[in-house]
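Novice: Can you keep this structure in mind? I'll have questions shortly.
The values are calculated or read from the model by the stated rules, or taken from the named source; none is laboratory data. A quick note: this is a predicted structure, and the numbers were derived from the prediction, not measured. Every residue, glycine among them, receives a Cβ derived from its backbone with ideal geometry; neighbour counts consider all protein chains shown. Ligands, DNA and RNA are excluded from the accessible area calculation, which covers all protein heavy atoms including side chains. Shrake-Rupley method; radii C 1.70, N 1.55, O 1.52, S 1.80 Å.
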Amino acid sequence: MKFEDKVKELEEIVSKLENGESTLDESFNMYTKAMNLIKECDDELKNVKENVNKIVNENNELKDFEITE
C-alpha cells in the first residue's frame, strides 16, 4: 500500500472513531489498525529521511548531506 493510501485510510479511521457510532470492539479494531498504519508510515518516513540526507558526490559515491554556510 502506498504511503498516501495509508494516510487516507488513517483519516477515514479517525473520522469513524470521532463519530462515535462504532461498537467497542469495532473501535478497538480500528484503533489497532490505525496504530499499525502509523508505525508503517513512521518507518517509511524515517527511511525516506535517511535517503534524503545522502547525496551522490562527483565519484558516484553516497555521502552524508551537509549544509555549509
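Novice: Output the number of residues of the stretch 1-56 satisfying the condition of being assigned to a loop (DSSP other than H, G, I, E, B) and either under 30 Å from Thr68 (Cβ atoms) or open to solvent by 90 Å² or more (accessible area, probe 1.4 Å) (or both).
Specialist: Matching residues across the stretch 1-56 total 4.
Novice: Looking at the stretch 4-20, I want the residues that are within 17 Å of Lys39 (Cβ to Cβ) and have a partner that is among the aliphatic types (A, V, I, L, M) and open to solvent by 90 Å² or more (accessible area, probe 1.4 Å) with Cβ atoms under 9 Å, at least 6 apart or on another chain. Which pairs are those?
Specialist: From the stretch 4-20, the pairs are Glu9/Met1.
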